[in-house]
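Worksheet: the structure to be examined is printed underneath.
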Amino acid sequence: MSAALPALAQDAPKVDRVSQMQQIAQSLGVQCSYCHSAPRGSGEPEPKKEIARAMMAMTDDINARIHAATGKGAGQVTEIQCAYCHRGVPVPRPIGDIVWQTTREKGVAAAIEQYRDLRQHFFGRSTYDFGEDMLIAVSNQMANARADDAIALMKLNLEFYPQSVRSYMALAFAQTRKLDDIGAIATLEKALEIEPDNSAAKGRLEQLKSYHRQR
């Protein structure tokens with residue numbers, strides 16, 4: 001497959017590098033100096049520029065493959081652009097991964113503060129997915145080993161999505177990991193106040209009431 005790369009590159013449409021670099025800066029939400037960090041002609045290393053060059057080559061190769069696979073020329077197919085992944089941030093990562101890493105390294109309070117800050121600056125800009133499911137996924141992932149952190153994240157989620165039954169159910173799950181069955185029962189009852197016919201919440205509540213542990 002590697003032998004086919006030169007042929008693909010030859011078939012790729014010509015790229016206006018100056019225009020492309022301007023698009024890259026906008027896609028990453030940075031200025032030109034982010035990559036061009038050394039004085040012109042100084043010979044000092046510019047690692048981000050080297051990364052940018054590699055990413056530009058990767059993008060060109062992907063687009064060349066798209067053109068080769070479809071048999072269509074420039075302007076006839078959708079081409080990959082930096083914004084598709086970066087969406088205004090230098091390092092494109094899902095918000096769930098960011099919250100999870102910060103929780104592990106700095107604690108859940110720092111993660112919550114970071115989430116609030118990112119939400120304030122990027123909500124509605126298609127940069128991060130601030131939907132209710134993102135924090136639910138992180139909470140469920142950490143509930144067994146870090147129940148208190150999972151509970152804190154679900155309380156945060158309920159601030160923004162107070163009618164989220166899934167958040168209440170994730171909160172109840174984390175509470176059971178702490179052996180707080182009474183708290184989990186109360187949480188599931190709140191969920192059923194919102195969706196009285198939610199069979200999953202009903203089932204968990206009935207099961208929990210039948211054997212909840214006395215502390």
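Figures for the structure shown
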quantity	calculated
Taking the chain and dividing mean pair separation by its residue count, relative contact order in percent (alpha carbons under 8 Å, at least six apart)	13
Label zone at F123, where the point sits 7 Å out along the Cα-to-Cβ direction: segment 152-166 residues whose backbone N lies under 11 Å	159-161
Projected label distance in nm at A186 and K209, using a 7 Å step from Cα toward the beta-carbon	1.7
Segment 65-161 - percent relative contact order, Cα under 8 Å, separation 6 or more	23
Förster-model FRET efficiency, 35 Å R0, R65 and D133, C-beta, rounded to 0.05	0.60
Under Karplus coefficients 6.51, -1.76 and 1.60, residue-wise ³J(HN,Hα) of segment 65-79 in Hz, glycine/proline x	5, 5, 4, 5, 5, 8, x, 10, x, 4, x, 9, 9, 6, 9
Test item: Cα-centred dipole of the chain, Lys/Arg +1 and Asp/Glu -1 on Cβ, debye	220
Positive dipole terminus of segment 95-211, leading residue within M154, W100, S164 (C-beta point charges)	W100
Lysine pair number, Cα distance threshold 22 Å (strictly under), the chain, separation 8 or more or different chains	12
Nitroxide proxy distance, nm - points 7 Å out along Cα→Cβ at S33 and Q141	3.5
Matching label, percent of Cα pairs over 28 Å apart computed from the structure shown, candidates [x] 51; [y] 27; [z] 23	[x]
Rounded to whole Hz, the Karplus (6.51, -1.76, 1.60) HN-Hα couplings of segment 38-50, x for glycine and proline	9, x, 4, x, 6, x, 5, x, 10, x, 5, 5, 5
In order through segment 185-198: 3J(HN,Hα) via Karplus (6.51 cos²θ - 1.76 cosθ + 1.60), integer Hz, x for Gly, Pro	4, 4, 5, 5, 5, 5, 4, 6, 5, 7, 10, x, 9, 5
Calculated [θ] (222 nm, deg cm²/dmol) that DSSP helices of n ≥ 4 give over the chain, each run adding -39,500 (n - 2.57)	-20500 deg cm²/dmol
Calculated FRET efficiency for the pair Q163/Q23, C-beta based, R₀ 45 Å, to 0.05	0.70
FRET E, pair E193, I51, Förster distance 41 Å, beta-carbon r, rounded to 0.05	0.20
Residues V18, V77, sorted so that the one with the fewest Cβ neighbours within 10 Å comes first	V18, V77
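Readers should treat all values here as calculations from the given coordinates under stated rules, not as data from a laboratory. Being a predicted model, the structure only gives us computed values, none of them experimental. Using ideal geometry, Cβ is built from the backbone for each residue, glycine included, and neighbour counts are taken over all protein chains shown.
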